[in-house]
Every structure is written in structure tokens, then in C-alpha cells.
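The values are calculated or read from the model by the stated rules, or taken from the named source; none is laboratory data. Every value quoted in this text rests on a predicted model; they were computed, and no experiment measured them. Don't worry about glycine lacking a Cβ; one is built from the backbone with ideal geometry, like all the others, and counts go over all protein chains shown.
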Amino acid sequence: MYCGSFTKDDSIRGKTAALSLFILGITYIIVLIVGLLSLNSKLEPIQDPFFSIMEILIIVMAPLMVVLMVEVHAYSGNDVKTLSLTALVFMCFAACITCSIHFLVLSISRQIESITALAWLPYIFSFKWPSVIYALDILAWDLFFSLSMLFAAPVFRGDRLQTTVRICLQASGILSLAGLIGPILGDMQIRMIGVVGFAGVFPVACLLLAKVFDRSDCQEYTGS
């Protein structure tokens with residue numbers, strides 16, 4: 001059934017993507033906490049099996065985040081279509097970069113490390129700062145993801161639920177963006193501010209988005 005620019009199929013896809021991201025996000029948080037608690041020092045990287053589970057979760061989540069932003073764009077009113085499209089583009093950047101990085105780390109990086117002992121390899125493939133893939137992952141989450149959240153936030157306005165969604169998206173974007181302070185200062189503990197944004201606040205926003213999409217499957221959205 002066609003309902004304005006947002007169809008019933010859009011509602012189903014958006015709700016499914018949002019709920020899936022909420023479940024995967026909560027799972028990621030649990031694995032992250034358990035992995036951190038297993039460390040002897042806060043300066044150590046998270047070890048297996050927790051690290052591999054987190055890698056797989058991110059690879060699965062990345063395409064779903066793009067689907068979610070596609071449906072946010074479909075849901076948006078004509079007066080904010082440019083903003084929602086910008087949010088979608090930034091999310092595509094974030095998803096492509098982080099998915100590529102984590103697939104690379106999960107697959108060939110370990111095979112390379114097992115057959116060679118080159119001293120410079122950790123500066124390419126390690127998630128211990130500083131390294132190339134760590135910097136690229138920060139670019140994906142703390143810059144492109146945060147910009148996607150901030151551009152998507154104005155789409156939601158009006159009643160209490162949509163206002164709450166907007167606030168959650170803004171909080172997720174601002175906190176994620178603040179995570180950039182970490183690598184700038186060379187202090188990855190400060191970067192945890194960004195982790196709170198995309199790993200803590202974003203799943204809450206997804207749960208609320210599922211409610212917004214659920215109630216809008218047969219309502220024409222007017223952008224008010």
C-alpha cells in the first residue's frame with residue numbers, strides 16, 4: 001500500500017533494520033564489557049573470542065545501518081530530503097570503511113601475522129593505537145557516522161516520540177564526534193566518549209525508530 005512517500009514495505013524494512021540493529025547493538029555492548037573486564041590492563045586490546053565476535057557483529061551491522069538510513073530518507077518530508085540524503089551518503093561512507101576494515105582484520109591480517117614477523121605490521125593491522133586501520137575506523141565512526149546522525153536528526157519532529165528520536169540521534173552524533181579528541185590528543189581513553197555515542201546511544205535511537213516506523217506504515221508523512 002502506498003502512503004505518501006513512505007510505503008508499508010518501507011515501514012517493514014525500516015522497523016526490521018532498526019530492531020535488528022538494537023539487538024545487535026546490545027549484544028555488542030555485552031561482548032565489549034565482558035572483553036574489557038577480561039583484560040589485565042586498560043591499555044591492552046580486547047582478545048579473542050570477544051574480539052572476533054565484535055568484528056562479526058560490526059560486519060553484520062554495517063549494511064543494516066545503510067538500510068536504516070535509506071528508510072529514514074524515505075520517511076523524511078520534502079523540506080528535509082536534502083538533509084536525509086546527506087545522512088544516507090555519510091552512512092554509506094561509514095559502513096563501507098568499517099565493513100572493509102573489520103573484514104580485512106578478521107580474515108587476512110591474522111594469516112599475514114602468522115607467516116611473518118615484520119615489526120611494522122602492527123602499525124597497519126592492529127587495533128592498538130597508533131595504526132592505519134584504527135585511524136580509518138575512527139574516521140568511519142567518529143566522523144562519518146556522527147555526521148550521518150546529525151543530518152538525520154532534523155527529519156524527526158513533532159510529537160514526543162519523534163522529539164526523543166531527534167534528541168537521541170543528536171546525542172549519538174555529538175558524542176561520536178567528540179571521540180575524535182582521543183586520537184588528536186593521542187589518548188584512546190578519551191576516545192571512549194565516541195564509543196558511548198555509537199555503541200550506547202545509537203541502539204536506543206534504533207529502538208525508538210522502530211516504533212516510529214511501526215506506527216507510520218499507512219500514514220502519509222507531511223513533514224510537520
Answer yes or no: is there a residue in the stretch 47-61 that is in a helix (DSSP H, G or I), within 21 Å of Val204 (Cβ to Cβ) and among the acidic types (Asp, Glu). no
Name the residue that is nearest to Leu177 (Cα to Cα), counting only residues in the stretch 76-93 that are in a helix (DSSP H, G or I) and of a type in the set (Ser, Thr, Tyr). Thr86
Filtered residues of the stretch 31-72 (kept if in contact (Cβ under 8 Å) with a residue 12 or more places away in the chain and of a type in the set (Gly, Ala, Ser)): Gly35, Ser38, Ser52, Ala62
Restricting attention to the stretch 181-224, and to residues there that are in contact with a Cys (Cβ under 7 Å, 6 or more places away or on another chain) and modelled with pLDDT of 95 or more, which single residue is farthest from Ile33 (Cα to Cα)? Leu208
Restricting attention to the stretch 141-179, which residues are in contact (Cβ under 8 Å) with a residue 12 or more places away in the chain, among the hydroxyl-bearing types (Ser, Thr, Tyr) and over 24 Å from Ile101 (Cβ atoms)? Thr164
Residue satisfying all of: in the stretch 24-52; among the polar types (S, T, N, Q) and farther than 20 Å from Leu64 by Cα; modelled with the highest pLDDT among these: Ser38
What tally of residues in the stretch 5-30 results from selecting those that are touching a residue at least 12 places away in the same chain (Cβ under 8 Å), part of a helix (DSSP H, G or I) and more than 16 Å from the chain's Cα centre (by Cα)? 6
Cβ contacts < 8 Å: first residue within 20 Å of Ser41 (Cβ to Cβ), restricted to the stretch 189-202; second residue crowded, with 16+ Cβ neighbours inside 10 Å and among the charged types (D, E, K, R), any location; separation 6+ or different chain. Result? Arg191/Asp142
